[in-house]
Amino acid sequence: MSYQFPSDFLWGTATAAHQVEGNNINSDFWVVEQLPATIFAEPSGDAIDHYHRYPADIAQLAELGFNSYRFSIEWARVEPEEGYFSPATINHYRRMLEACHAHNLRPVVTFHHFTSPRWLISQGGWTAPATAEKFARYCGHVTQELGALIEVACTINEANIPRMVRILWSDPQAAGQQAAFLHQASAAFGVTPENFAPFLFAGSEQGRDVILDAHRQAAAAIKAARAALPVGMTLALSDMQAVPGGEATRDRYRHELQDIFLAATRNDDFLGVQTYSRERFGPEGVLVPEEGVELTQMGYEFWPQALEATLRYAAQQTGVPLIVTENGIGTADDTRRGAYYRRALEGVVNCLQDGLDVRGYYAWSAYDNFEWMLGYRPTFGIIAVDRETQQRTVKPSARWLGEIAQANEL
Ligand code: BGC
């Protein structure tokens with residue numbers, strides 16, 4: 001049985017500026033990647049030089065069969081010093097957006113994908129209340145300049161991930177290395193370790209409130225510049241499951257890590273759902289994957305069923321339209337990537353058949369790229385990149401997904 005997707009369904013791949021552009025030297029991450037005690041496996045460097053290679057890259061994505069492309073605009077490039085908005089950078093992103101339109105790729109733009117300008121961190125970063133207004137000012141400026149070329153705007157990528165880093169993933173065994181890193185990193189920005197708050201480090205309740213306020217103010221600034229532009233944020237939504245007896249614990253974590261954020265999207269035009277795997281909870285907290293289950297390069301489970309579960313949960317909690325803004329797998333075995341996408345998309349179909357308002361699907365990622373602290377080792381791309389030559393090689397999963405997109409049918 002094949003299923004025909006709605007005629008305006010968005011099919012795309014996603015990237016983030018810092019992970020693909022290269023030489024994002026005015027960003028906070030660039031600084032901390034270079035420190036002697038860095039917690040990054042390697043620096044981002046040239047990344048995959050998407051900053052210069054976007055014309056061929058965008059043409060290739062269109063050729064594969066997609067009708068959309070999700071990428072992020074880099075705040076640290078647009079506003080490298082506070083209050084100075086670089087016209088050349090704006091023009092760069094204008095050319096990128098125009099290239100998308102020339103190839104019939106509808107551009108979905110993220111205004112913040114983890115990295116921030118250096119100066120913001122020196123001013124207290126994502127736990128300083130004034131950051132919300134500064135972020136909104138940048139979003140307003142970009143929308144005034146480029147809004148007419150943007151189809152969908154995501155304010156903040158994974159607004160809940162700092163809380164996840166703090167509450168779920170902090171590793172007590174790495175505390176020593178973390179302390180040395182924090183000492184060097186905070187000194188590099190002239191702040192105390194307690195006030196060191198790049199986005200991913202802003203996992204306190206205060207950080208959460210600043211991030212949600214930044215989303216609200218940014219959405220208003222974007223709407224003020226172009227009222228018709230659909231605006232939302234994206235959330236990292238893993239399928240949080242309870243083993244028998246773990247229900248109350250799961251619910252407690254899910255409240256902190258998902259529900260509070262889902263509730264904050266109710267006035268938005270859509271929610272971006274980003275799902276990779278599941279997390280199982282017992283009475284004491286999160287459980288490690290069971291013996292013998294298939295793991296991805298990230299150490300978490302191969303669990304494409306997660307997407308259907310998170311879409312259903314998000315729909316029930318928010319009532320707003322949903323776009324799958326990221327879904328994918330880090331694996332060296334592209335046949336497993338294909339299997340993952342097929343199962344995940346079957347979940348999307350089940351949701352659509354049940355009447356859920358799901359408007360698009362974006363594979364993470366278009367390219368093998370800079371996977372943050374883990375460097376270039378995990379490979380999420382449907383297109384491989386030789387970083388010596390910057391040559392792109394299309395993987396079979398890219399062809400398969402592109403054909404599904406073209407046919408608009410699974
Ligand atoms: C992020 C991406 C990241 C991906 C895979 C998401 O949390 O938005 O930047 O590369 O997951 O780990």
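(1) within 16 Å of the ligand (Cβ to nearest atom); (2) crowded, with 21+ Cβ neighbours inside 10 Å; (3) not acidic (Asp, Glu); (4) not in a loop (DSSP other than H, G, I, E, B): which one isn't true of residue 398, the others all being true?
Answer for residue 398: the failing condition is (1).
As an exercise: evaluate residue 346 against (1) acidic (Asp, Glu); (2) within 16 Å of the ligand (Cβ to nearest atom); (3) within 18 Å of residue 239 (Cα to Cα) and give the number of the one condition it does not meet.
Result: residue 346 passes all but (2).
Can you tell me which residues in the range 148-178 are away from the ligand (no atom under 16 Å from the Cβ), assigned to a helix (DSSP H, G or I) and buried (at least 20 other Cβ atoms within 10 Å of the Cβ)?
Those that are away from the ligand (no atom under 16 Å from the Cβ), assigned to a helix (DSSP H, G or I) and buried (at least 20 other Cβ atoms within 10 Å of the Cβ): none in the range 148-178.
So which residues in the range 226-267 are assigned to a strand (DSSP E or B) and either closer than 21 Å to residue 358 by Cβ or not small (Gly, Ala, Ser) (or both)?
From the range 226-267, those assigned to a strand (DSSP E or B) are 231-236, 239-242; that's our starting set.
Of everything in the range 226-267, those that are assigned to a strand (DSSP E or B) and either closer than 21 Å to residue 358 by Cβ or not small (Gly, Ala, Ser) (or both) turn out to be 231, 232, 233, 234, 235, 236, 239, 240, 241.
Working only within the range 310-327, note down all residues that are over 15 Å from residue 349 (Cα atoms), touching a residue at least 24 places away in the same chain (Cβ under 8 Å) and in a helix (DSSP H, G or I).
Result: 313, 314, 317, 318.
Would you please name the residue that is nearest to the ligand (Cβ to nearest atom), looking only at residues in the range 268-285 that are part of a loop (DSSP other than H, G, I, E, B) and free of Cβ contacts under 8 Å to residues at least 40 places away in the same chain?
Within the range 268-285, the match that is nearest to the ligand (Cβ to nearest atom) is 277.
Please go through the range 378-395 and give me each residue that is touching a Lys or Arg at 6+ places or on another chain (Cβ under 7 Å) and in a strand (DSSP E or B), ordered by number.
Within the range 378-395, 383, 384, 385 meet the criteria.
Just the residues that are at negative phi, open to solvent by less than 30 Å² (accessible area, probe 1.4 Å) and more than 10 Å from the ligand (Cβ to nearest atom), please, taken from the range 361-381.
Filtering the range 361-381 down to residues at negative phi leaves 361-371, 373-374, 376-381.
Going one step further and asking which of them are open to solvent by less than 30 Å² (accessible area, probe 1.4 Å), we end up with 361-371, 378-381.
Correct list: 361, 362, 363, 366, 367, 368, 379, 381.
(1) among the aliphatic types (A, V, I, L, M); (2) assigned to a loop (DSSP other than H, G, I, E, B); (3) surrounded by 22 or more Cβ atoms within 10 Å (Cβ to Cβ): which one isn't true of residue 288, the others all being true?
Of (1) among the aliphatic types (A, V, I, L, M); (2) assigned to a loop (DSSP other than H, G, I, E, B); (3) surrounded by 22 or more Cβ atoms within 10 Å (Cβ to Cβ), only one is false for residue 288: (3).
Can you tell me which residue is most open to solvent (accessible area, probe 1.4 Å) among those in the range 115-128 that are in contact (Cβ under 8 Å) with a residue 40 or more places away in the chain and not polar (S, T, N, Q)?
118
Return the pair list, or none, for Cβ contacts closer than 9 Å from residues in the range 224-236 that are under 30 Å from residue 168 (Cβ atoms) and away from the ligand (no atom under 16 Å from the Cβ) to residues that are among the β-branched types (Val, Ile, Thr) and open to solvent by 10 Å² or more (accessible area, probe 1.4 Å), at least 6 apart or on different chains.
Filtered contacts from the range 224-236: 231/152.
Given the structure, is residue 374 touching a strand residue (DSSP E or B) at 6+ places or on another chain (Cβ under 7 Å) and closer than 30 Å to residue 259 by Cβ?
Values: touching a strand residue (DSSP E or B) at 6+ places or on another chain (Cβ under 7 Å): no; closer than 30 Å to residue 259 by Cβ: yes.
So residue 374 fails the test.
Looking only at the range 91-120, filter to residues that are among the aromatic types (Phe, Trp, Tyr) and under 20 Å from the mean Cα position of the chain (by Cα); which one of those is farthest from the ligand (Cβ to nearest atom)?
Just the residues of the range 91-120 that are among the aromatic types (Phe, Trp, Tyr), to begin with: 93, 111, 114, 119.
Going one step further and asking which of them are under 20 Å from the mean Cα position of the chain (by Cα), we end up with 93, 111, 114.
Working: 93: 19, 111: 14, 114: 6 Å.
Only one residue fits best here, namely 93.
Assess whether residue 355 counts as being open to solvent by less than 20 Å² (accessible area, probe 1.4 Å) and either in a loop (DSSP other than H, G, I, E, B) or away from the ligand (no atom under 15 Å from the Cβ) (or both).
no
Examine the range 187-197 for a residue that is touching a strand residue (DSSP E or B) at 6+ places or on another chain (Cβ under 9 Å), in a loop (DSSP other than H, G, I, E, B) and aliphatic (A, V, I, L, M), and state whether such a residue exists.
No, because not a single residue in the range 187-197 is touching a strand residue (DSSP E or B) at 6+ places or on another chain (Cβ under 9 Å), in a loop (DSSP other than H, G, I, E, B) and aliphatic (A, V, I, L, M).
The values are calculated or read from the model by the stated rules, or taken from the named source; none is laboratory data. Predicted model, so just to flag it, every value in this text is computed and none were measured. So basically every Cβ, Gly included, is an ideal-geometry build from the backbone, and we count neighbours across all protein chains shown. When the accessible area is computed, the model is the full protein with side chains, heavy atoms only, and any ligands, DNA or RNA have been set aside. Shrake-Rupley method; radii C 1.70, N 1.55, O 1.52, S 1.80 Å.
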